[in-house]
Amino acid sequence: MSTRFQFNHALRALAVIAALAGTAAVAHAQSAPTLVFANKTALNVDATSLDLKIENLPPREYPHMGYRSEVRFDDAARAWAASHFMLTGNSVNQLRVTIRKGDIVEKLLPVKKGIKGWFTKDQSAEYEATLDVELSIVDANGMVLSSASGKSTSTRTVLEGTTDADKQQVWAGMIVSAFDALDNELQPQVRQVMAQFIR
């Protein structure tokens, strides 16, 4: 086999791999759900960039379920920040969103056994989403100039027999609900303690 043939063969293989990767990326982008938050308020922030930090990443094991959701807490945080805060570029400050905790935990519930269980469907699992976020204005030297924080929880149950696909939608909805509940606590605080930087 000639060197030129091997080289051309390798190029074709790379082209196929690149095409498949591009197709997968497009498919992922098309399947990514659009997040809609209840609060539509957008605030102007005297900052030039947005930084997202995640602390205390939950384990990727039972009973933790957040990592299996079609929407993750970091995805939701980016979409939430993008829809709520408009960077004016009027300063070198940075808007930092820190997820101090973002988790969904499953708790199995008792279901009826025997003949009764044949004719009824019970709630078989309860999911609790917990969200703890800090919002900060950070200067060019990394010093925190102002900050506000808030927490929220969201709880849902599912019927026995609920499919994994349906559970993923439930978890995604819980994450959005957790951010909606966070707004109720965080936005009034932001307007008060961060008024110098956020309008």
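Taking the stated definitions as given, is P58 more than 17 Å from V190 (Cα to Cα), modelled with pLDDT under 95 and either among the β-branched types (V, I, T) or loosely packed, with under 15 Cβ neighbours inside 10 Å (or both)?
no
Quick one: would you say F73 is within 21 Å of G173 (Cα to Cα) and surrounded by 15 or more Cβ atoms within 10 Å (Cβ to Cβ)?
Yes; evaluated as a whole, the condition is true for this residue.
Do the conditions hold for V92, that is, is it under 23 Å from N141 (Cβ atoms), in contact with a Ser or Thr (Cβ under 9 Å, 6 or more places away or on another chain), of a type outside the set (D, E, K, R) and at pLDDT 90 or above? Write out each step before concluding.
Numbers: under 23 Å from N141 (Cβ atoms): yes; in contact with a Ser or Thr (Cβ under 9 Å, 6 or more places away or on another chain): yes; of a type outside the set (D, E, K, R): yes; at pLDDT 90 or above: yes.
Spelling it out, V92 is indeed under 23 Å from N141 (Cβ atoms), in contact with a Ser or Thr (Cβ under 9 Å, 6 or more places away or on another chain), of a type outside the set (D, E, K, R) and at pLDDT 90 or above.
What's the total number of residues in the range 140-199 that are assigned by TED's automatic domain parsing to the domain that holds T130, of a type in the set (D, E, K, R) and in a loop (DSSP other than H, G, I, E, B)?
Count: 1.
Could you tell me which residue of the range 143-168 is modelled with the lowest pLDDT, considering only residues that are touching a strand residue (DSSP E or B) at 6+ places or on another chain (Cβ under 6 Å) and of a type in the set (S, T, N, Q)?
Restricting to residues being touching a strand residue (DSSP E or B) at 6+ places or on another chain (Cβ under 6 Å) and of a type in the set (S, T, N, Q), the top hit is S154.
If you take the residues in the range 76-105 that are outside any strand (DSSP E or B) and surrounded by 17 or more Cβ atoms within 10 Å (Cβ to Cβ), which one is nearest to the chain's Cα centre (by Cα)?
A76
Take the range 123-164 and flag every residue that is under 19 Å from I54 (Cβ atoms) and among the small types (G, A, S).
Within the range 123-164, A129, S136, G142, S147, A148, S149, G150, S152, S154 qualify.
The values are calculated or read from the model by the stated rules, or taken from the named source; none is laboratory data. Note that this is a predicted model, so its numbers are computed, not measured. Neighbour counts are summed over all protein chains in view; Cβ atoms, including those assigned to glycine, are modelled from backbone coordinates with ideal geometry.
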